[in-house]
1. Of all residues in segment 24-68, which are surrounded by 12 or more Cβ atoms within 10 Å (Cβ to Cβ), assigned to a loop (DSSP other than H, G, I, E, B) and on the phi < 0 side of the Ramachandran plot?
2. Taking segment 74-108 only, how many residues are in contact (Cβ under 8 Å) with a residue 12 or more places away in the chain, among the acidic types (D, E) and part of a helix (DSSP H, G or I)?
3. Going by what's in this entry, would V71 be described as in a helix (DSSP H, G or I) and surrounded by fewer than 17 Cβ atoms within 10 Å (Cβ to Cβ)?
4. Just checking, does segment 13-23 include any residue being touching a Pro at 6+ places or on another chain (Cβ under 8 Å), at pLDDT below 95, surrounded by 15 or more Cβ atoms within 10 Å (Cβ to Cβ) and not β-branched (V, I, T)?
5. Report, by residue number, each residue of segment 49-76 that is of a type in the set (V, I, T) and in contact with a His (Cβ under 8 Å, 6 or more places away or on another chain).
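The values are calculated or read from the model by the stated rules, or taken from the named source; none is laboratory data. Only a predicted model underlies this, so the values are computations on that prediction, with no experimental measurement involved. Cβ: placed from backbone, ideal geometry, glycine included. Neighbour counts: every protein chain shown.
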Amino acid sequence: MKWEKDIYENVRSGIVELLILHLLCERDMYGYEIRNTLSDRTMKAFDLKETALYGPLYRMSSRGLISSRKVIVGEKRFRVYYHIEEEGRQYLTYGEDQIRHVFSGVMSLLHWGKEESREGDLTA
């Protein structure tokens, strides 16, 4: 359906930054590594194209949530490693609390009345 992509992007857009920050709490990572780890650990729910990863990285860098450094990995090649800053850790903590709150509210709404109708079915 034509609206599937809209829902897919809307649900994931704000969450991807928090997931990246969560990964960077473990260790500094380069883009390709972030992309693959994100895909693997979310059971491919966040299977981003490599180019789609750099927008969130750039935005977080410009806001001081992460920093980056270049590391030479060959004669003419380098990798850009990303590092979470203290501001990013605070952002992540707040974001995790907000996600828990929002998702518990969403699940409450989605399941509203289902328990009561099941209980009613048992007594009928």
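1. D28, T42, A45, F46, D47, L48, R63, L65
2. First, pick out the residues of segment 74-108 that are in contact (Cβ under 8 Å) with a residue 12 or more places away in the chain: 79-85, 87-89, 91-92, 95-96, 99.
Retained after the next criterion (residues that are among the acidic types (D, E)): 85, 87, 96.
The next check asks that each one be part of a helix (DSSP H, G or I); those that pass are 87, 96.
Summing the residues that are in contact (Cβ under 8 Å) with a residue 12 or more places away in the chain, among the acidic types (D, E) and part of a helix (DSSP H, G or I) in segment 74-108 gives 2.
3. no
4. Yes: one or more hits.
5. I66
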